[in-house]
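Data block below; observations after.
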Amino acid sequence: MQKTLTDMVKGLHELLERKDELAAQTKENNAEIEVAKQEIIQQMVDDDCSSIGCMGYNYSLQQKTAYSKRSDEELAAAGVDFLDTLREEGLGDIIVERVDPRTLQSTVKAYIEENGELTEGLDSIIKSYDFSDISRRKITKKMGGTAK
């Protein structure tokens, strides 16, 4: 039996719903993992146990240090520039200049809507291609529509 277009769309809908469910489950699972890790860490400290073997794996207590950028508010209050300080301290080579692909997409789309086409310079660095996709929006009473 051949699938109808409606069957195919229903299948896509189910896959997208499943994707959302899996993302939520992953987020919830990751939170539970963190809670379990903290409980195990505390128990290992309480038991003065640095490692334990279980189910074919060895679990070891480790001390780690994490480093992150201070908030923009802290930096502004101290009168320092994050990138300038990295450069001054010899760490400028870790600075990566990048453009987020989604930002490039929306910016170039707006540019073409305003200017009609890319300049020769932009055309030399940006490629474009056409493709078909399916958009999905929830049907509201105002929009109308048919569901089968």
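When nucleic acids and ligands are ignored and a 1.4 Å probe is applied, V96 ends up with an accessible area of around 110 Å². For region 39-148, the calculated P(r), taken from all Cα-Cα distances in 10 Å bins from zero up to the bin holding the longest distance, is 8, 17, 14, 21, 21, 15, 4 percent. Sorted largest first by accessible area at a 1.4 angstrom probe radius, with every protein chain in place, the residues M55, M1 fall in the order M1, M55. The distance between label points at E89 and K142 comes to 5.1 nm (points 7 Å beyond Cα on the Cα→Cβ vector).
With θ taken as phi - 60° and the Karplus curve 6.51 cos²θ - 1.76 cosθ + 1.60 applied, the whole-hertz 3J(HN,Hα) list for region 101-107 is x, 5, 5, 4, 4, 5, 5 Hz, x standing for glycine and proline. A simple charge model with +1 on the Cβ of Lys and Arg, -1 on the Cβ of Asp and Glu and nothing else charged puts the dipole of the chain at about 1240 debye relative to its Cα centre. Take E117: with every protein chain present and a 1.4 Å probe, its accessible area is about 130 Å². Pick out, in residue order, every one of the chymotrypsin sites (Phe, Trp or Tyr not before Pro) in region 23-81 that is DSSP loop and has at most 10 other C-beta atoms within 10 Å; say none if there are none. Filter output for region 23-81: Y67. Once backbone amide H atoms are built at 1.01 Å from N, L61 has S51 as its partners under 5 Å, excluding neighbours fewer than 5 places away on the same chain.
Considering all C-alpha pairs of region 1-43, those separated by over 13 Å amount to 66%. Annotation note: trypsin sites (Lys or Arg not before Pro) in region 61-145 located in DSSP loop regions with a Cβ neighbour count of at most 13 within 10 Å are K64, K69, R70, R98, K127, R136, R137, K138, K141, K142. Using a Förster distance of 35 Å, how high is the FRET efficiency between T26 and K64, based on the Cβ-Cβ distance and rounded to 0.05? The formula returns an efficiency of 0.90 here. Working note: Karplus 6.51/-1.76/1.60 with θ = phi - 60° gives region 126-137 the couplings 10, 9, 9, 8, 9, 8, 9, 9, 10, 9, 9, 9 Hz, where Gly and Pro are set to x. Per residue, the solvent-accessible area of the chain (1.4 Å probe, heavy atoms of protein chains only, all protein chains present) comes to 98 Å².
For E120 and A36 in the same chain, what is the full-extension length gain: residue separation times 0.36 nm, less their Cα-Cα distance, in nm?
24.6 nm
Return the carbon/sulfur percentage of the accessible area of region 46-146, one whole number, probe 1.4 Å, all protein chains in place. Carbon and sulfur together cover 50 percent of it.
Debye-formula intensities of region 1-78, expressed as log10 I(q)/I(0) at q = 0.12, 0.24 Å⁻¹, are -0.71, -1.09 (one equal scatterer per alpha-carbon, no solvent). The accessible area of I41, taken with all protein chains in place and a 1.4 Å probe, comes to roughly 70 Å².
When all protein chains stay in place and ligands, DNA and RNA are ignored, the 1.4 Å accessible-area order of S128, S71, largest first, is S128, S71.
The values are calculated or read from the model by the stated rules, or taken from the named source; none is laboratory data. Please read all numbers here as calculations on a predicted model, not as lab measurements. Here Cβ is always computed from backbone atoms with ideal geometry, including for glycine, and neighbour counts include all displayed protein chains. Areas reflect the complete protein model, heavy atoms only, side chains present, ligands, DNA and RNA absent. Shrake-Rupley method; radii C 1.70, N 1.55, O 1.52, S 1.80 Å.
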